[in-house]
Number of protein chains: 2
Amino acid sequence: MTRTRQDCQVLDDEDTLRELRHQFDLPPGVIYLDGNSLGVLPRATASRVQEVMQREWGQDLIKSWNTAGWIDLPGRIGDKIGRLIGVKPGECVVADSTSLNLYKVLSAALQMARADAPKRRLIVSERSNFPTDLYIAESLARQHGAELKLIDSVDELPAALNGDLAVLMLTQVNYRSGFMHDMAAVTAAAHAAGALVIWDLAHSAGAHEVDLSGARADFAVGCGYKYLNGGPGAPAFVWVNPKHAERFWQPLSGWLGHAAPFQFTPNYQPAPGIRRYIAGTPAILSTAALECGVDTVLAAEALGGMAALRKKSVALCELFIELAEARCASLGIRLSSPREASQRGSQVCLSLAAPLQEAGYAVMQALIARGVIGDFRAGDPRRLEQVPHILRFGFTPLYIGYAEVFDAVEHLHAVLASEEWRRPEFHQQGAVT
Amino acid sequence: MTRTRQDCQVLDDEDTLRELRHQFDLPPGVIYLDGNSLGVLPRATASRVQEVMQREWGQDLIKSWNTAGWIDLPGRIGDKIGRLIGVKPGECVVADSTSLNLYKVLSAALQMARADAPKRRLIVSERSNFPTDLYIAESLARQHGAELKLIDSVDELPAALNGDLAVLMLTQVNYRSGFMHDMAAVTAAAHAAGALVIWDLAHSAGAHEVDLSGARADFAVGCGYKYLNGGPGAPAFVWVNPKHAERFWQPLSGWLGHAAPFQFTPNYQPAPGIRRYIAGTPAILSTAALECGVDTVLAAEALGGMAALRKKSVALCELFIELAEARCASLGIRLSSPREASQRGSQVCLSLAAPLQEAGYAVMQALIARGVIGDFRAGDPRRLEQVPHILRFGFTPLYIGYAEVFDAVEHLHAVLASEEWRRPEFHQQGAVT
């Protein structure tokens with residue numbers, strides 16, 4: 001029998017992670033299922049950023065590079081993120097954006113591949129990967145005389161792991177479908193084929209357990225503003241397997257990646273290890289906010305850590321699927337994410353079957369008007385059967401509860417059953433992020 | 001006769017720009033002569049960043065990309081900076097760091113040079129340029145089969161403008177000496193030699209009048225956290241002459257430089273014009289703070305704008321030189337910046353003659369202890385006569401007054417006359433920024 005709201009309330013009451021929600025000020029009346037796009041504001045952030053502005057910048061001014069440790073932030077926060085992705089202190093730094101960090105590691109990977117296996121000239125990724133990853137790879141393929149080959153389905157992956165492959169570049173959890181790669185298995189297979197592997201952890205870090213070291217991965221990048229709650233456009237992170245870190249320059253050789261930046265020497269000498277992946281001066285306000293966000297995830301360490309968060313995430317997603325199918329399947333709702341939890345990140349995507357296949361945008365707008373914030377991702381208008389419009393819902397176990405999942409599905413039911421989504425105001429298109 | 005403190009007080013009373021100082025909360029008891037390294041906190045910034053955090057992020061969450069105009073910030077602030085550097089709306093954007101923006105424009109310039117004049121393979125810059133510029137050029141020279149040639153003196157510049165030159169890359173105002181290039185004359189000479197010119201405006205934007213369009217410059221980058229008061233590590237800006245902007249990709253092809261980022265297409269299609277120089281998602285908190293800083297400079301527009309600011313800057317610098325030489329020359333102080341105002345940015349550097357040539361660091365520490373914040377830049381220990389240790393003082397006419405200049409020199413006199421700088425605590429070395 002489908003679970004009731006009371007059942008969900010009991011799950012909330014028994015939830016040992018529930019206290020973590022008090023780290024955030026969520027707007028009243030909102031069920032926020034878009035933490036996979038922009039995480040929410042931690043309570044600690046506003047006062048911390050005020051302190052950085054008023055005391056560290058306003059009062060102590062230039063001294064704060066040393067006295068407030070601004071210069072150490074990229075490494076300090078990188079170490080904290082390292083605890084979430086299975087790497088040691090000193091292996092990860094915060095810097096720039098995911099796009100730029102990907103540029104750094106893919107450049108390094110292509111240099112390594114050229115040195116070790118000059119005949120390998122393919123970068124393989126998925127056509128459904130987040131576009132910025134593909135754009136950066138397209139740029140570097142041009143530069144390095146490599147070729148970017150895109151596969152259309154994960155079924156094509158085994159065949160792509162061949163003697164032409166230089167670098168396999170994947171986002172572990174697909175931003176649209178939520179499909180999750182088995183990092184250890186894919187890495188091992190790519191290594192067996194003689195290739196290097198780059199993982200984009202944009203939808204992984206802070207969302208589920210990641211063990212880069214255990215998987216013997218080569219490179220990873222990830223996003224600060226999704227599950228890490230770092231704030232809009234928060235700086236990103238970058239990790240390089242220590243065995244590769246000093247083999248090559250990354251090309252964005254800014255002064256803070258220099259071995260001795262304050263000696264102001266005219267020649268570049270890359271810093272040891274991961275610090276050479278820092279480029280220019282870090283944006284301190286945004287970086288300080290990121291640290292507060294990362295701390296909200298680390299706060300779970302005393303309560304079972306990422307394993308406990310993942311367990312709750314799976315439970316939330318499974319509850320959502322169960323309720324959405326029970327209540328809304330007859331109204332056209334279909335699951336568009338993998339059903340198997342081990343193949344799914346912390347999000348669930350739904351689509352609408354014919355004759356409602358075009359209604360997704362308006363349905364999401366109607367949900368948002370009711371305070372249920374998810375997002376819409378357009379499908380391929382010429383073949384909606386294969387690539388449908390998507391209603392995307394992210395479940396962040398730090399601050400989402402079971403009764404909220406129940407309520408979200410009830411809103412979805414109401415929007416569809418009452419045909420509320422047909423109201424004209426829900427059909428105005430705006431930029432979608 | 002040397003001016004008295006009362007003379008300086010009169011200058012302050014008559015200063016039509018004096019009201020601009022009320023835009024800032026300066027710490028009490030501090031004479032801040034380091035705005036060329038990190039500008040001060042504008043009063044508007046703290047409340048603006050609070051609003052971005054609490055309302056835009058905390059309450060409106062993901063919607064703020066549209067409703068709060070986050071997506072437009074790079075262009076909106078770029079347009080504001082454009083008013084300070086002599087370019088039209090739509091020609092300048094804010095993004096990333098100075099280092100990364102330099103990477104973008106130098107890549108584009110080298111592609112252009114390769115297409116138009118394949119035999120030209122030299123990038124010329126000054127050995128005394130800020131190191132990050134040289135490190136980025138070193139990286140790109142490797143990539144493009146070009147060569148970075150460094151000149152040791154501006155006297156070598158004419159000879160360097162020859163048929164081998166592809167790109168001349170200069171910082172208009174030298175970070176150490178304060179020497180200012182004549183942008184129009186140098187650009188014209190480089191163009192006459194068939195080369196492209198990149199200007200780094202790190203110590204120019206907001207400090208003095210800049211007319212990129214009038215000089216027919218090719219590319220420019222600049223810093224948000226110095227004279228623009230954008231906050232520590234604030235995002236930087238980038239300008240490309242519209243006639244070049246669409247000729248080539250810049251290689252950091254992140255999704256927000258795409259012509260239609262929200263269509264999520266797998267192939268990169270660069271945005272028209274300068275927007276292709278945006279890469280990844282902007283760090284919104286730091287970017288919002290930058291806008292407040294830029295606004296503090298634009299506030300001068302009603303009072304004569306950059307011309308009036310420059311006039312005051314020259315007056316402050318000349319007063320400082322006059323007083324420092326009158327009071328401290330006999331104590332070993334020497335001018336290490338150009339004496340001629342037209343060859344000097346908004347800073348003045350002093351050095352110490354023998355036998356005090358090693359004392360610079362301790363003298364600056366003693367000044368800082370007295371609340372006079374400048375900074376120290378080490379010379380070349382093997383040839384201090386030619387490259388002395390430098391005491392660097394920046395004069396930001398938005399918030400520095402004439403009496404403060406007088407007081408700063410009196411403190412310098414006291415530190416030297418009393419040999420206060422010999423106290424052991426002033427000899428402990430820390431990281432210098």
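Every number in this text was worked out from the coordinates using simple rules, so none of it is lab data. Since the model is a prediction, treat every value here as computed from it, not as a measurement. A quick note on method: Cβ atoms are made from the backbone with ideal geometry, for glycine too, and the neighbour counts reach across all protein chains shown.
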Please give the charge dipole size of the protein assembly as shown, origin at the Cα centre, charges +1 on K and R Cβ atoms and -1 on D and E Cβ atoms. Round to the nearest 20 debye. 1420
Roughly how many debye, to the nearest 20, is the charge dipole of chain A about its Cα centre, given +1 on each Lys and Arg Cβ, -1 on each Asp and Glu Cβ, and no other charges? 980
In whole Hz, the Karplus estimates of ³J(HN,Hα) for the stretch B:22-27 (6.51, -1.76, 1.60; θ = phi - 60°; x where Gly or Pro) are 5, 6, 10, 9, 8, x
For the pair residue A:269/residue B:343, report the inter-label distance in nm, with labels modelled 7 Å from Cα in the Cβ direction. 3.3
So, in nm and shortest first, the distances from residue A:301 to its counterparts in the other copies, with label points 7 Å along Cα→Cβ, work out as 4.9
Compactness index (Cα Rg / 2.2 N^0.38 Å), the stretch A:76-136: 1.35
Using only alpha-carbon positions, what ratio does the radius of gyration of the stretch A:192-334 give when scaled by 2.2 N^0.38 Å? 1.37
Based on a Kirkwood Rh over C-alpha pairs, give the Stokes-Einstein translational diffusion coefficient of the stretch A:5-117 at 10 °C and viscosity 1.306 mPa s in µm²/s. 86
For the stretch B:155-160, 3J(HN,Hα) per residue [Karplus equation, 6.51 cos²θ - 1.76 cosθ + 1.60, θ = phi - 60°, Hz, x = Gly/Pro]: 5, 7, 5, x, 5, 6
Sorted largest first, the C-alpha extents of the stretch A:30-188 along its principal axes in whole angstrom are 58, 43, 28
Peptide-level mean, for B:324-332, of C-beta atoms on other protein chains within 10 Å: 0
Can you find, among A:238, A:117, A:288, the residue sitting farthest towards the positive end of the charge dipole of the stretch A:47-301, where Lys and Arg contribute +1 and Asp and Glu -1 at Cβ? A:117
A student applying the Cα gyration tensor rule (rounded when a/c is under 1.5; otherwise prolate if a/b is larger than b/c, oblate if not) would label chain A oblate
Inter-chain shielding of B:268-278 (mean C-beta neighbours from other protein chains, 10 Å cut-off): 1
To make sure I understand, if each residue's beta carbon is the centre and we count other beta carbons within 10 Å, what order do B:402, A:227 fall in, fewest to most? B:402, A:227
Can you list which of the chymotrypsin sites (Phe, Trp or Tyr not before Pro) found in the stretch A:343-398 are DSSP loop residues with at most 15 other C-beta atoms within 10 Å? none
Positive end of the charge dipole of the stretch B:25-142 (Lys, Arg +1 and Asp, Glu -1 on Cβ, about the Cα centre): tell me which of B:90, B:134, B:108 has its Cα farthest that way. B:108
For the stretch B:281-433, what does the alpha-carbon gyration tensor say about shape, rounded, prolate or oblate, given a ≥ b ≥ c as the root eigenvalues, a/c under 1.5 as rounded, and a/b over b/c as prolate? prolate
State to the nearest 20 debye the size of the charge dipole of the stretch A:250-406 about its Cα centre, where the only charges are +1 on K and R beta carbons and -1 on D and E beta carbons. 240
With the radius of gyration and the Kirkwood radius both derived from the Cα set of the stretch A:47-301, what is their ratio Rg to Rh? 0.98
Would you mind checking the stretch B:19-37 for residues with the amide N under 18 Å from a putative spin-label position 7 Å along Cα→C-beta of residue B:410? B:28-33
When A:92, B:292 are arranged by how many other beta-carbons sit within 10 Å of their Cβ, fewest first, they go B:292, A:92
Cβ-derived FRET efficiency at R0 56 Å, residue A:419 paired with residue A:189, nearest 0.05: 0.70
Which trypsin sites (Lys or Arg not before Pro) in the stretch A:325-355 pass both tests, a DSSP loop state and at most 14 other beta-carbon atoms within 10 Å? A:339
Just the number, please: Stokes-Einstein D of the protein assembly as shown in µm²/s, Kirkwood Rh from C-alpha pairs, 37 °C, 0.692 mPa s. 116
Taking the label point 7 Å from Cα in the Cβ direction, how far apart in nm is residue A:182 from each other copy of itself, listed shortest first? 7.2
Ranked highest first by the average count of other Cβ atoms within 10 Å around their residues, in what order do A:177-185, A:126-134 fall? A:126-134, A:177-185
Most exposed to least, judged by fewest other Cβ atoms within 10 Å, A:213, A:342, B:351 sort to A:342, A:213, B:351
Tell me, how many Å apart are the Cα centres for the stretch A:93-132 and for the stretch B:132-159? 27
List the distances, in nm to one decimal, from the label point of residue B:25 to the label points of the same position in every other copy, shortest first, placing each label point 7 Å from Cα along the Cα-to-Cβ direction. 1.7
